[in-house]
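Okay, structure first, notes after.
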Amino acid sequence: MLMKDFLFALRTLRKSPLFALTAILTIALGIGASTAIFSVANAVLLRPLPYRDADRLVVAGGDMRKRNVIDERVSYENYMDLKTGTSAVFEDMAAVATFPFIIPQRDGTPEQVKTGVVTTNFLRLLGARIIAGRDFQESDGQAAPPPDPAAPPATRPPPLPGMVILSYEYWQRRFGGDPSIFGRPIPGVGQNLFVPVGALAPGFELEFRASSNVERHPDLYTAMRINYDNRNRNGYFLRGIGRMKPGVTFERAQEAGEQAAATVRKNFTLYGTSNFHYHLEPMKQHMVAEVRPAILALLGAVGFLLLIACANVANLLLVRMSLRERELAVRAALGGSRWRLIRQMLCESAVLGGLGTLLGFGLAYAGIQELIAISPANLPRLEGVAMDRSVLLFSILAGLCAAAVFGIVPALRASRPDVMDTLRSGGRSASLAGGKLRNVFAVLEVALSFVLLIGLGLMERSFIAIQHVELGLDPNRLLTLQVLSGRGGANPAERKARVVEIQNRLQAIGGVESVTAAALVPLAGGYSTIRWGKEEALTDPSKFQAADVQTVQPNFFDTMRTPVLAGRTFTQADNAADRMYVVIDSLLAAKAFPRESAVGKRILIRVRTPEPEWVEILGVVAHQRATSLSEPGHEQLYFADGFQGFGVTTRWILRTSGDPASYGPAVRSALHQLDPSLLVMEVQPMAVWVDRAEAGTRFTLLLIGIFAIIAAILANVGLYGVLSTFVRQQTAEIGLRMALGAGPANIFGLVVGKGLALSAVGIGIGVAASIVLTRLMTSILVGVGATDPATFLTMIGAFFATAVVSCWIPAQRAAGLAPVVALRE
């Protein structure tokens with residue numbers, strides 16, 4: 001019997017191809033958008049981490065709350081204190097740091113490898129599988145005893161080789177999967193050697209959030225050796241990972257972490273005065289914290305879009321049912337039960353929903369690659385976005401729910417035809433039943449689409465704000481690159497000479513106006529914090545505060561065109577280890593010396609030694625954005641490369657007279673001629689870093705914009721449909737009004753007034769909903785409040801304008817009716 005209902009539904013829909021096509025396309029848009037965004041949410045938010053007992057993994061960092069330092073990396077000693085102090089709640093704890101490293105290839109040319117420096121238990125804790133060789137042993141991480149200070153350098157033993165485990169991909173790429181390499185040393189830089197002991201299974205990765213500065217796919221993992229003579233509680237470079245014991249809650253783990261931090265604060269003045277705490281966070285939550293708000297906002301947007309599509313199709317079905325009132329009345333008169341009529345109508349809805357879901361899944365499959373292509377770089381696990389079984393199941397369930405949502409009300413309405421009145425009407429629909437319901441659905445569409453339009457308006461305001469953010473530099477015509485040497489610099493003089501050689505060779509390229517270098521590129525991230533203070537910090541360490549540190553060549557600010565607000569910047573004479581000078585940014589100047597000049601003042605810094613050093617402020621420059629366009633970031637201090645012993649500034653920046661991208665080949669050629677062992681990487685315009693910094697906001701804006709526009713179109717189409725039906729329903733009344741003297745303008749105003757009244761009710765509901773829901777977007781907005789009045793007023797005006805357009809055609813049709821024809825109805 002059910003099969004007959006479906007076959008009848010197919011035949012019925014085939015007789016109304018325009019209606020069927022419109023309904024299917026509408027549902028396909030909603031299902032396609034929902035499925036595509038769910039595929040991203042599934043890969044990023046829902047899919048479990050690929051580690052053993054991943055739900056018990058916790059990431060550990062450090063907070064210095066008095067210095068506004070949150071979730072910073074920790075020193076080895078901090079890590080050991082946490083591991084020891086929480087042994088009652090953690091089954092095990094390990095640590096990792098990742099760095100780029102240079103290893104000569106077989107032909108002698110340098111190769112940069114992404115290296116993970118890990119405790120020997122790290123891979124076991126995560127459940128990584130070794131497919132060749134062996135895992136780390138405790139002895140692999142033992143450091144050599146400290147050398148005899150009285151012994152001459154020539155007699156000191158060479159450093160112990162680094163024991164490494166290769167990623168499967170690097171093992172295949174570099175060594176062709178040869179198992180004989182295990183146990184045989186391979187050369188590194190200078191006297192360094194590496195001894196591969198094993199290889200991991202394919203696909204192993206480190207899943208941390210982007211701001212953690214942990215490389216996701218290291219080429220190799222080396223066992224951490226902590227030198228006895230070089231242990232420094234102030235060297236922050238590690239990320240800890242702990243596995244809670246079975247049955248231990250995260251709240252209990254946090255309590256244990258607080259107790260361990262309290263011990264550290266008590267025993268070490270520095271940590272007591274900075275209000276140090278361990279920052280513990282479930283690993284899954286840690287990984288997605290930066291992107292969760294944007295993904296949830298997009299899920300909410302597509303949910304609204306799907307509801308709007310359902311309301312639109314429900315309106316279409318109500319109109320269709322009204323046109324079939326005589327058919328339904330005849331079937332009821334011949335004994336058709338109410339359940340029989342409901343089942344038939346639901347079968348038609350199911351057919352529409354099924355075909356719409358099938359087409360929507362196809363749209364999502366076609367659009368998923370485009371979605372990945374425009375995704376921001378900080379969106380983790382992108383390679384896992386796929387139309388897999390769970391996404392298919394979601395699409396099917398969404399289709400079934402949609403069919404139920406848009407089908408149940410029309411079906412219930414159609415199952416109760418007024419048999420006698422309908423049959424007396426002689427085949428004409430006297431009432432075009434369901435007018436109130438159609439109005440309700442139209443108002444719902446307007447309200448939902450208005451919420452999306454408000455979201456679009458807020459994201460547009462955010463994007464405009466980002467475009468006008470002061471970067472503290474001029475990114476136009478800047479080319480950035482990283483240059484690493486395969487040779488170890490023996491002393492500062494050699495390293496300085498190499499820097500000068502590189503600078504001179506790059507400066508000689510035609511069209512290059514100036515050349516400079518820094519430890520980091522603005523907006524690329526990776527900045528470290530140091531402590532600074534004024535004189536009172538000598539007696540009260542709690543007065544020390546945190547700031548980002550940057551090391552630069554003397555002409556850095558000139559090349560970047562960073563405004564100098566007071567004093568001067570570095571000269572070549574300042575580029576030396578004994579020149580105790582610093583340049584600070586405007587944020588630090590305002591904080592340290594409000595309402596007075598900072599130039600010539602002295603501050604204490606901890607950079608080269610555990611004890612603070614006095615440095616004199618040479619000048620104040622505009623604040624540069626270090627990692628984000630949406631947040632200003634920390635205050636900044638700048639040191640000359642010579643202050644750090646030279647060789648720190650490996651990121652080179654060229655200001656060119658033309659398109660910076662076109663200088664890439666000349667740069668590579670010049671540096672290769674200088675020294676074939678130089679490794680030149682990431683040759684790209686500064687504009688690329690700016691583009692990446694705004695990618696997250698642009699991604700959210702683009703998708704919410706697409707959904708909002710589609711929603712507005714559907715809402716206005718629904719409004720048009722309601723008014724068109726209203727005109728048809730009220731044809732006789734319109735004829736009577738005309739006969740009694742109403743002119744075309746009066747009839748036109750009647751129809752437009754009804755449309756605007758429905759819009760006003762929908763917008764009113766939408767405003768109330770937006771005031772509540774847009775607060776959830778606060779974390780992804782820039783330079784605009786979640787309830788920005790200008791955005792609300794603009795969108796209200798814009799929607800009323802589109803509503804007038806939607807009302808225009810039905811109103812014109814009504815105003816153009818001939819009174820005789822209308823009365824004949």
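Annotations for the structure displayed:
- Accessible surface of region 66-150, 1.4 Å probe, proportion on carbon and sulfur as whole %: 52
- In Å², nearest 10: area of MET681 left accessible to a 1.4 Å probe: 30
- For ILE509 and ALA573, the FRET efficiency from 1/(1 + (r/R0)^6), where r spans their Cβ atoms and R0 equals 25 Å, is about 0.40.
- Of interest is the spacing of the C-alpha centroids, which for region 44-77 and region 733-764 amounts to 62 Å.
- Dipole size of the chain about its Cα centre, with +1 on Lys/Arg Cβ and -1 on Asp/Glu Cβ: approximately 2800 debye, rounded to the nearest 20.
- Straightening the chain between ARG216 and GLU258 buys 12.2 nm, computed as 0.36 nm per residue apart minus the Cα-Cα spacing.
- Solvent-accessible surface (1.4 angstrom probe) belonging to SER514, in square angstrom, nearest 10: 30
- Rounded, prolate or oblate (a/c below 1.5 giving rounded, otherwise prolate when a/b exceeds b/c) for region 40-145 by Cα gyration tensor: rounded
- Exposure ranking of LYS66, LYS534, LYS436 by accessible area [1.4 Å probe, largest first]: LYS436, LYS66, LYS534
- Accessible surface comparison of ASP140, ASP540, probe 1.4 Å, protein chains only, largest first: the order is ASP540, ASP140.
- Our helix-only sum for the chain, with -39,500 (n - 2.57) per DSSP H run of n ≥ 4 divided by its residues, gives a mean residue ellipticity at 222 nm of -15500 deg cm²/dmol.
- Ranking PHE394, PHE19, PHE557 from most to least accessible surface, computed with a 1.4 Å probe over the protein chains only, gives PHE394, PHE19, PHE557.
- In the full protein context, the chain carries 43 Å² of accessible surface per residue, based on a 1.4 Å probe and ignoring ligands, DNA and RNA.
- Between the residues PRO563, VAL722, GLY526, the greatest Cα displacement towards the positive end of the dipole of the chain, with unit charges on the Cβ of Lys, Arg, Asp and Glu, is found for VAL722.
- Selection from ILE780, ALA739, PHE361, by position along the positive dipole direction of the chain (Cβ): ALA739
- Prolate/oblate/rounded label for region 594-750 (Cα gyration tensor, a/c 1.5): prolate
- Ligands, DNA and RNA left out, the accessible area of region 644-803 computed with a 1.4 Å probe is 67% carbon and sulfur.
- Among [x] 163; [y] 215; [z] 194, the entry derived from the coordinates for volume of the Cα convex hull per residue in Å³: [y]
- Cβ-derived FRET efficiency at R0 56 Å, ASN746 paired with PHE8, nearest 0.05: 0.80
- Potential lengthening between LEU392 and LYS266 on full extension [0.36 nm per residue; Cα-Cα distance subtracted]: 39.8 nm
- Distance from region 542-556 to region 160-220 (C-alpha centre basis), Å: 33
- Translational D in µm²/s for region 714-817 (Stokes-Einstein at 10 °C, 1.306 mPa s, Kirkwood Rh from C-alpha pairs): 103
- Relative contact order of the chain: 17 percent, from C-alpha pairs under 8 Å at least 6 residues apart in sequence.
- Heavy atoms of ASP92: accessible area, 1.4 Å probe, square angstrom to 10: 50
- Extension gain for ALA757 to MET681 (0.36 nm times residue separation, less C-alpha to C-alpha distance): 21.2 nm.
The values are calculated or read from the model by the stated rules, or taken from the named source; none is laboratory data. These figures come from a predicted structure and were not determined experimentally. FYI the Cβ positions are ideal-geometry reconstructions off the backbone, even for glycines, and counts take in every protein chain you see. Only protein heavy atoms, including side chains, enter the accessible area calculation; ligands, DNA and RNA are left aside. Shrake-Rupley method; radii C 1.70, N 1.55, O 1.52, S 1.80 Å.
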